[in-house]
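The values are calculated or read from the model by the stated rules, or taken from the named source; none is laboratory data. These numbers were taken from a predicted model, which means no experiment stands behind them. Virtual Cβ from ideal backbone geometry, glycine too; neighbours counted across all protein chains shown. For the accessible areas, the whole protein counts, side chains as well, though only heavy atoms, and no ligand, DNA or RNA atoms are used. Shrake-Rupley method; radii C 1.70, N 1.55, O 1.52, S 1.80 Å.
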Amino acid sequence: MNDRIHNFSAGPSALPTAVMQEMQEGLLSYRGSGMSVMEMSHRGDLFMGIIEEARTRIKRLYGLSDDYEVLFVHGGASLQFAMIPMNFIGEGQIAEYIETGTWSTKAIAEARIQNKGVRVAASSGDREFCYIPKVSDISADAPFVHMTTNNTVRGTQWHDLPDTGGVPLIADMSSDILSRPLDVSPFGMIYGGAQKNMGPSGTAVVILRRDMVEKIPQTLPTMLSYRTYVDKESMFNTPATFPIYAISLVTKWLEETMGGLAAVEAVNKRKAGALYTLIDEDDFYCGTADKASRSLMNVTFRLKDRELEPLFVEQSLASGLAGLKGHKSVGGIRASIYNAVSEASVAALCEFMNDFRRKHR
Ligand SMILES: Cc1ncc(COP(=O)(O)O)c(C=O)c1O
């Protein structure tokens with residue numbers, strides 16, 4: 001596999017090479033069936049086994065009790081931004097949203113489009129979302145508090161959950177889902193687009209606490225109600241079969257090769273630690289997030305001489321390191337180091353960064 005690049009793309013992102021090889025082996029004939037997973041009925045035993053495996057492995061990785069449903073929902077994370085207010089903000093209710101950058105802002109906008117009651121409970125917009133804000137004064141009447149656990153664009157991440165006084169948290173975990181162990185008890189719902197830590201884009205994994213289902217109005221269009229996905233086990237219509245297959249393989253890899261989420265977190269800490277240590281050595285590179293809020297998934301930084309940034313991106317690509325250009329809205333450099341990005345890839349990036357610094361200091 002010498003032609004695989006070191007892939008630091010923010011999403012869609014690197015998948016484990018072993019998972020890609022397993023997909024390749026079964027591409028034309030999955031388990032001797034003579035068919036690809038893409039070609040088989042979603043109601044047949046083979047696919048039913050795949051979706052059940054994906055569900056079970058996610059439940060096991062997070063230690064979820066039977067109080068939680070694992071759903072596969074179309075439309076990626078962005079459709080969840082629209083579905084959450086439809087499903088969970090009732091007449092006269094005001095939901096609390098925490099604003100920590102691009103994706104949280106989009107989630108808020110989707111609730112406002114629907115004329116739903118929304119309050120921004122805390123924001124880090126005063127300093128370009130470079131930190132995780134303190135949260136207080138959550139209304140006990142709020143149906144939920146919405147947060148984005150990892151802010152892909154700004155490179156910040158929550159390291160402790162906010163105190164919501166028992167109001168259920170709904171969390172967009174698109175860019176750090178399954179990257180560390182989690183106490184799920186404060187969460188009414190967790191969701192994430194698959195394309196960073198789980199598989200191909202277009203599908204979201206939704207983990208929903210059963211008591212949330214009771215709050216869903218009966219009047220929603222069928223496909224926009226989470227109740228449909230619960231009642232029909234994510235098979236009201238044809239689910240995204242191949243992405244779900246990929247999720248089953250990635251979660252198998254997380255359990256069997258990586259050894260579970262505590263082990264995954266330890267690797268993720270080592271990878272991020274290596275990059276942040278290098279960045280902090282002098283002022284050639286400069287991290288954009290406050291140290292206490294730094295993300296283990298998206299390492300964002302600038303070069304002191306910003307005019308060197310295009311050269312950094314160009315030369316990194318020439319050295320076999322892809323996807324390092326920062327999000328178009330903020331510029332700079334971003335190394336996305338999700339679960340499937342190996343320590344060897346991070347070491348290659350560190351070597352390049354040291355070398356670049358030596359030449360351009
Ligand atoms: C934190 C976060 N939320 C939501 C999204 C949007 O995901 P999707 O493209 O699946 O709608 C992204 C995509 O990068 C993201 O990083």
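Observations, loosely collected:
- Placing unit charges on the Cβ atoms only, positive for Lys and Arg and negative for Asp and Glu, gives the chain a dipole magnitude near 540 debye about its Cα centre.
- Values of log10 I(q)/I(0) for the stretch 260-360 across q = 0.10, 0.14, 0.16, 0.24 Å⁻¹ run -0.25, -0.49, -0.64, -1.49, by the Debye formula with one identical scatterer at each alpha carbon and no solvent.
- Reported to the nearest whole Å, the Cα centre-to-centre distance from the stretch 234-260 to the stretch 64-78 is 12.
- Value at 222 nm in deg cm²/dmol, rounded to 500, when DSSP H runs of n ≥ 4 in the chain each add -39,500 (n - 2.57): -10500 deg cm²/dmol
- Here, the stretch 178-276 is characterised by an Rg to Rh ratio of 1.04, where Rg is the alpha-carbon radius of gyration and Rh the Kirkwood radius.
- Counting only residues at least eight positions apart within a chain, or on another chain, the lysines with an alpha carbon under 26 Å from that of LYS359 are LYS271, LYS304, LYS325.
- Extension reserve of the ASP183-LYS232 stretch, reckoned as 0.36 nm per residue once the Cα distance is removed: 14.9 nm
- Separation in nanometres of the label points that stand 7 Å from Cα toward Cβ, at SER329 and SER33: 3.9
- Surface accessible to a 1.4 Å probe, MET86 within the full protein complex, Å²: 40
- Calculated P(r) of the chain - Cα pairs past 37 Å, %: 21
- The chain - percent of accessible surface contributed by carbon and sulfur, probe 1.4 Å: 51
- Zero-based 10 Å bins, Cα pair distances in the stretch 146-215, whole percents: 19, 53, 26, 2
- For the stretch 97-246, projected area of the alpha-carbon convex hull averaged over all directions, nm²: 9.5
- Taking every alpha-carbon pair under 8 Å whose residues sit at least 6 apart, the chain reaches a relative contact order of 23 percent.
- Of the Cα atoms belonging to the stretch 176-234, the radius of gyration and Dmax stand at 12.9, 37 Å.
- Based on Cα contacts under 8 Å between residues 6+ apart, the stretch 252-361 shows a relative contact order of 26 percent.
- FRET efficiency estimate (nearest 0.05) - Cβ-Cβ, ARG358 to GLU214, R0 56 angstrom: 0.35
- The spacing between the stretch 187-227 and the stretch 345-361, judged by their C-alpha centroids, is 41 Å.
- Of TRP103, TRP253, the order by accessible heavy-atom surface (1.4 Å probe, DNA, RNA and ligands excluded), from most exposed downward, is TRP103, TRP253.
- Relative contact order, percent, the stretch 61-208 [alpha-carbon distance under 8 Å, six or more residues apart]: 28
- Spin-label model distance (nm) - ALA266 vs ASP160, 7 Å beyond Cα toward Cβ: 2.5
- Cα-based Lys pair tally, the stretch 37-257, threshold under 24 Å, eight or more apart or on separate chains: 11
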